[in-house]
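J.: Sharing a structure, written as structure tokens. Questions coming.
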Amino acid sequence: MRLLKIENLWKKAGHHFQLRDISIECNEREWILFTGPVGEGKETLKDILVGFDEDWEGSIQINGQEIIDTLDYNANISFIHKHFFDLEQDTTIFNFLSFPLKLKELPENKISEIILETIKLFPYKVQLGKLINDLSLEEKVVVSFIYAMIIQPKLLIIDEPFYELPNSKRQIISSVIRSISKTWKWSPVFIFSSYVKEWLPICDRIMLIHNKTIVQSGTIKEMLENPQHIFVAKYIAENEITYINGIIKGTQFHTKGLTFKIPLQYLQNHQYYEGQELQIGVPAKNFQIVDKVPSSKEGVSFLAPVHIIKKMSGYYKIYSNIGGQLVVAKIKHDIKIEEGSEIHLYFPFKSIIFFDGKTETILKQRS
């Protein structure tokens, strides 16, 4: 069921746009990550949704009703601030959770009922008599979520919970939120964060904001397999994709240290031209080590120096290069590899993502 809809949202300050043509639809219980570099627009979008900024143009609807026509709209929005882990109060969990319900002037028995019913929907045991000051980081995360959902909001917004935290604390928070998300029964959840890796196992979709607009949205699988721009691939996949710059000469891709013939089907399907600058992307998982050079009709092979080997869970991550351009490959543990050696790396044509070298956008197929 569609719960929230944003159409043609624009925000301008002076002569500069802070948001450009944002359009989003989300469903009940959906977790969506809004990510991108700092200052590119996600903070502005968050402020508008929370109700801190009312100077914008466009349409934002919740349950089909425009928020500008809704009295106390932000009373239906719960907000988990990035400093929730610093939560310190000399009061019990029960009294802490009671506060937003007391503001509604509910009777004591109703307050107790709502708190107990809400806690049941979380996969954690909560000691209501425990002091907030005595909570562990894990418990603070759980209590913060219960507090946010006690009023049954129509939207939950989480603001950068990993900000300036060491990896150890990020892992604890991520683990708790992942557990909570698996049994989630409430409103949509919007996470605004510059961190990506921690949210990938949790979120249903990603909205990548760059240059004040959403450059691409979709599931993590869609973003990795069909990035519309090199910026998208690099931001989402980090060093999980190798990028090689080259140029088209006839039917061949040329770069320092590597030349291969582009299969006819790709030449026919895409708008290639003589002298075109091209950038190809190859996912690290699609590289293989081969003893014999396979057929050039199916893929590309080249001799690669092994500079660095990192042993990961179930595979090695190998760092090499082609003509000075970084190559990152994931290879299974069952092959013996040593730093300083040379290996034959191979990748199939079907794994290549083709980008225009000047615009860095993915090459579209002919219509």
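The values are calculated or read from the model by the stated rules, or taken from the named source; none is laboratory data. In this text, all values refer to a predicted model and were calculated from it rather than measured experimentally. All Cβ positions, glycine included, derive from the backbone under ideal geometry; neighbour counts span all protein chains shown.
J.: From the list 87, 4, which residue is within 30 Å of residue 166 (Cα to Cα), touching a Lys or Arg at 6+ places or on another chain (Cβ under 9 Å) and either touching a residue at least 40 places away in the same chain (Cβ under 8 Å) or not assigned by TED's automatic domain parsing to the domain that holds residue 191 (or both)?
T.: Going through 87, 4 in turn, the sole match is 87.
J.: Restricting the search to region 173-216, which residues are among the small types (Gly, Ala, Ser) and surrounded by 22 or more Cβ atoms within 10 Å (Cβ to Cβ)?
T.: 187, the sole residue that qualifies.
J.: Next up: Does region 162-179 contain any residue that is at pLDDT below 95, in contact with a Phe, Trp or Tyr (Cβ under 7 Å, 6 or more places away or on another chain) and assigned to a loop (DSSP other than H, G, I, E, B)?
T.: yes
J.: Sticking with this one: Between 318, 343, which is surrounded by 16 or more Cβ atoms within 10 Å (Cβ to Cβ) and more than 27 Å from residue 221 (Cβ to Cβ)?
T.: Answer to the selection: 343.
J.: Right, next: Would you confirm, using the coordinates I've provided, whether residue 71 is surrounded by fewer than 20 Cβ atoms within 10 Å (Cβ to Cβ), within 24 Å of the chain's Cα centre (by Cα), over 20 Å from residue 209 (Cα atoms) and modelled with pLDDT under 90?
T.: When the stated conditions are applied, residue 71 does not pass them.
J.: Based on what the data block shows, is residue 324 under 18 Å from residue 242 (Cα atoms) and touching a residue at least 12 places away in the same chain (Cβ under 8 Å)?
T.: Yes: the conditions hold for residue 324.
J.: For region 128-159, which positions are over 18 Å from residue 88 (Cβ atoms) and either in contact with a His (Cβ under 9 Å, 6 or more places away or on another chain) or not in a loop (DSSP other than H, G, I, E, B) (or both)?
T.: Those that are over 18 Å from residue 88 (Cβ atoms) and either in contact with a His (Cβ under 9 Å, 6 or more places away or on another chain) or not in a loop (DSSP other than H, G, I, E, B) (or both): 149, 155, 156, 157, 158, 159.
J.: I'd like the residue in region 328-340 that is loosely packed, with under 13 Cβ neighbours inside 10 Å and among the charged types (D, E, K, R) and, out of all such residues, is farthest from residue 318 (Cα to Cα).
T.: Result: 334.
J.: Quick test for you: out of 290, 306, 300, pick the one residue that is among the aliphatic types (A, V, I, L, M) and farther than 20 Å from residue 261 by Cβ.
T.: After ruling out the rest, the residue left standing is 306.
J.: Which of the residues belonging to region 247-279 are free of Cβ contacts under 8 Å to residues at least 40 places away in the same chain, touching a Phe, Trp or Tyr at 6+ places or on another chain (Cβ under 6 Å) and within 30 Å of residue 310 (Cβ to Cβ)?
T.: Once the filter is applied, which keeps residues that are free of Cβ contacts under 8 Å to residues at least 40 places away in the same chain, touching a Phe, Trp or Tyr at 6+ places or on another chain (Cβ under 6 Å) and within 30 Å of residue 310 (Cβ to Cβ), region 247-279 yields only 253.
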